[in-house]
1. Taking the stated definitions as given, is residue B:91 of a type in the set (Asp, Glu), in contact with a helix residue (DSSP H, G or I) (Cβ under 7 Å, 6 or more places away or on another chain) and without any contact (Cβ under 8 Å) to a residue 60 or more places away in the chain?
2. Kindly establish whether residue A:331 is within 14 Å of another protein chain (Cβ to nearest Cβ) and in contact with a Gly (Cβ under 9 Å, 6 or more places away or on another chain).
3. Within segment A:359-371, can one find any residue that is assigned to a loop (DSSP other than H, G, I, E, B), within 24 Å of residue A:419 (Cα to Cα) and touching a residue at least 12 places away in the same chain (Cβ under 8 Å)?
4. Kindly establish whether residue B:82 is under 27 Å from residue A:327 (Cβ atoms), modelled with pLDDT under 95, within 9 Å of ligand 1 (Cβ to nearest atom) and assigned by TED's automatic domain parsing to the domain that holds residue B:190.
5. For segment B:359-369, does any single residue satisfy the condition of being of a type in the set (Phe, Trp, Tyr) and surrounded by fewer than 19 Cβ atoms within 10 Å (Cβ to Cβ)?
6. Got a sec? Which of A:249, A:279, A:291 is modelled with pLDDT under 90 and assigned to a helix (DSSP H, G or I)?
7. Restricting the search to segment A:260-308, which residues are surrounded by 21 or more Cβ atoms within 10 Å (Cβ to Cβ) and in contact (Cβ under 8 Å) with a residue 40 or more places away in the chain?
8. If you go through segment A:124-159 one residue at a time, how many are touching a helix residue (DSSP H, G or I) at 6+ places or on another chain (Cβ under 8 Å) and assigned to a helix (DSSP H, G or I)?
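The values are calculated or read from the model by the stated rules, or taken from the named source; none is laboratory data. On a predicted model such as this, the values are computed, not experimentally measured, just so you know. Reconstructed Cβ throughout: ideal geometry from the backbone, glycine too, with neighbour counts over all protein chains shown.
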Amino acid sequence: MSSATDTSTDAIAGDGIVRAADGTPLKRSLARALRREKLRSFLLIAPLLAFVVISFLMPIADMLFRSVENNIVEDTIPETVQTLASWDADSGDLPDERVYAALFQDLQIAVEQRIHTRLGSRLNYEKSGMSGLFRKTGREVRRMEAEGPFKERFIEIDEDWADIEVWAVIKRYSPPYTPGYFLNAVDAELTAEGVEMKPENERIYLMLFWRTLVMSLMITLSCLLLGYPIGYLLSHLPARSANLLMILVLLPFWTSLLVRTSAWKVLLQQQGVINDFLVWINLIDDAGRLVMINNQTGTIIAMTHILLPFMILPLYSVMQTISPSYVRAAKSLGASDWTAFWRVYFPQTVPGIGAGAILVFILAIGYYITPELVGGTSGIFISNRIAYHISTSLNWGLAAALGTILLLLVMALFYVYDRIVGIDNVKLG
Amino acid sequence: MYPFTTGGDLRFDAGVGHAAVSAGARVQKSEWTAISRGASVKFDSVQKSYDGETLVVKDLNLDIARGEFLTMLGPSGSGKTTCLMMLAGFEPATHGEIYLNDDGINNVPPHKRGIGMVFQNYALFPHMSVAENLAFPLQVRGMARAEQEQRIKRALDMVELGAFGGRRPAQLSGGQQQRVAVARALVFDPELVLMDEPLGALDKQLREQMQYEIKHIHENLGVTIVYVTHDQTEALTMSDRVAVFNDGVIQQLSSPDTLYESPQNSFVAQFIGENNKLSGEVVALDGANCEVRLDDGTLLVADPVNINGAGSRTTVSLRPERIELAPSDEPENVVDGKIEELIYLGDHIRVRMNVAGNDEFIVKVRNRRDKRPISEGDTVKVGWAASDCKALDAVA
Ligand SMILES: Nc1ncnc2c1ncn2[C@@H]1O[C@H](COP(=O)(O)OP(=O)(O)OP(=O)(O)O)[C@@H](O)[C@H]1O
Ligand SMILES: [Mg+2]
């Protein structure tokens, strides 16, 4: 074998590895060349990536964490939690003196730091009266001498301290992680007997989830029913008129959400424009004015209006790509107008329907302002409760649990959609 | 009023099994029983305007015989598609009546006309497989499942796509899609098939092959085909008759050879094949021939096809291959020409000359062994027979 073969003319060396001109294996030099490319594209997306991580992924992770986190009990009354470990709630006896002594010690520190009321509110989510108990005890503990018997002293302050259930709740919620928020979020609670549904009259969240789902579906459906003909019209009009109509479709985007929602209030209320008109044309009498606001009807009407463009836009962009020759071909093959539409045109719009429906549904399921303003009590969504727990009751754990369940619900629906329609069958244009 | 429910003029002969189909061969003629030869079509002074201001089709009168292959040929925007759409029922005629088998169809909706149609972009339904596409016209007619399958198989075999029934149109090549479109337009036994530039999207080689196959299918089935194209070669090779459209008017309707040999006006002469134009004035007209004085004074003897008589303007048209360089025999017309450019094309040489003031005068010289050497800049004599140069364009 001549030396010329080894060096230049033959890229394949004796060992069968393809080499580049400088003798490095081709794979490695290719990888090196590509690495620089990859690095560059990574640098290009890095700012967005950082933004997404900080503004999206981290809050979600934080939310997931908050929905089970429960360090507050252990942090506030560490000694008590420790001594309480050996107590058996089912024994029927109160904890012994050591526990009360530990509670005294813990509370002394907690009162000093003014964190005992926070613990009280936390435990109050699980058993009402706990907040008051801790506030009252906190006041008294300062004046207490550091001398036993603590058990009697505490029971003197408030006889709830002689209630086994109070101690059982403290013990149950002393681990650093708790399923309590999630149980609460599905109207269940942790009792001595294990997980149980709450009493009928205290249940609220399952119903709210269900209502949110059903109403979001109804809103999606009415958006589809109203939006499909518009999309069809848009895609079949000559360009000039289509553009004009498009501006009308987008008009809702240009007015403030609050203004629009308030406008609905003016129109729909019992003394409002629509009712006045119906009375005027004698369709209904004055006593029988329709209730169309501050209930589910109001929410559905207002949200359909607000979300309609999100349905029309994907539908329009998909319909625009469907050549009119398909329908003509169908007709020339003997299909009536309806058959041509249903068997040839409609199936081709399914990706647009899918995209629009997903968009509207996801937006609807998390909607908050409109139900708040026009939903009354019967028309509010789960998001309104989440907002309430975040800003009013400050029960963030429960809000996080509700949010997490909502997130899982949406993901489950995505999965179902993928199964039935196929997620790749979604087209935004 | 579907063709096959009214006793169908044309049917698959169910008695013959596919044993007759030799491996990979086309369905033989014997498998199709042509009871009659397709439908006849008549346009009776049809006009069409889209905007109410201009006529896109002007007073169209056209008779298409049963089983005829008629091609509408013309430049872009000449109204070919519009005519086809009126025939298919997608555009109403502004004036006039269209007859299918002697029945006026102006008020018959498209889906009841029973006309097969092949679209330029094929319009195969993308969400259906090939077999489903072919089943569609049969399903809407409520045909029994077994017969549907039999017909689909026959139709697919006919276009040699027997194994492709399960594929989606997107999984086929352009030529295969085109064949499916043809099969779909034929599967329900229409008497009349319209094709609007069906081969426009194919490359040259495939186009020639498909031209042959469509022609073959037409011969086998005996359906009437109205074919639209702006490719003159396609029109000449496939058609029984060609209607040359321009500006919404049929300029000439005749068989391909007549069209080429005897164009009726200079538009047709120019549009079909290559053509040299010389303009001048008729000076004398005597029965078989006429004399034309060209603008530079040259006198020619020409065939008076379409002129108004002595003193009128005319355009003389003659084919490049009918002209001889340095003619040995003595044709009626011999003039001097200066060779401007020689283009070597293998089997022949295109010679661009300046003849009678026209420097776009083309002569095709066959590449023969005994050819005389010529070179650019030479002045040579060119000659042609009077019957080969047509005096056209009577101006009213
Ligand atoms: N739907 C329509 N609305 C208005 N004008 C139209 C319409 N369709 C066609 N036209 C006009 O009618 C004329 C003829 O169009 P047509 O489509 O019949 O031409 P064509 O001969 O098929 O041309 P091509 O070879 O380009 O397909 C054109 O000037 C065109 O602009
Ligand atoms: Mg056309």
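1. On the way: of a type in the set (Asp, Glu): yes; in contact with a helix residue (DSSP H, G or I) (Cβ under 7 Å, 6 or more places away or on another chain): yes; without any contact (Cβ under 8 Å) to a residue 60 or more places away in the chain: yes.
Criteria met by residue B:91.
2. Details: within 14 Å of another protein chain (Cβ to nearest Cβ): yes; in contact with a Gly (Cβ under 9 Å, 6 or more places away or on another chain): yes.
Criteria met by residue A:331.
3. Restricting attention to segment A:359-371, the residues satisfying the condition of being assigned to a loop (DSSP other than H, G, I, E, B) are A:366-368.
Pick out the ones that are also within 24 Å of residue A:419 (Cα to Cα) and you get A:366.
Imposing the further condition that a residue be touching a residue at least 12 places away in the same chain (Cβ under 8 Å) reduces the set to A:366.
Within segment A:359-371, one or more residues are assigned to a loop (DSSP other than H, G, I, E, B), within 24 Å of residue A:419 (Cα to Cα) and touching a residue at least 12 places away in the same chain (Cβ under 8 Å).
4. Values: under 27 Å from residue A:327 (Cβ atoms): yes; modelled with pLDDT under 95: yes; within 9 Å of ligand 1 (Cβ to nearest atom): yes; assigned by TED's automatic domain parsing to the domain that holds residue B:190: yes.
Taking the combined requirement at face value, the residue satisfies it.
5. Of segment B:359-369, the ones of a type in the set (Phe, Trp, Tyr) are B:361.
Right, trim to surrounded by fewer than 19 Cβ atoms within 10 Å (Cβ to Cβ) and you get none.
The answer is no, given that none of the residues of segment B:359-369 is of a type in the set (Phe, Trp, Tyr) and surrounded by fewer than 19 Cβ atoms within 10 Å (Cβ to Cβ).
6. Values: A:279 fails: modelled with pLDDT under 90; A:291 fails: assigned to a helix (DSSP H, G or I).
Only one candidate passes the filter, namely A:249.
7. A:264, A:268, A:293, A:298, A:299, A:300, A:302, A:303, A:304, A:306, A:307, A:308
8. 19
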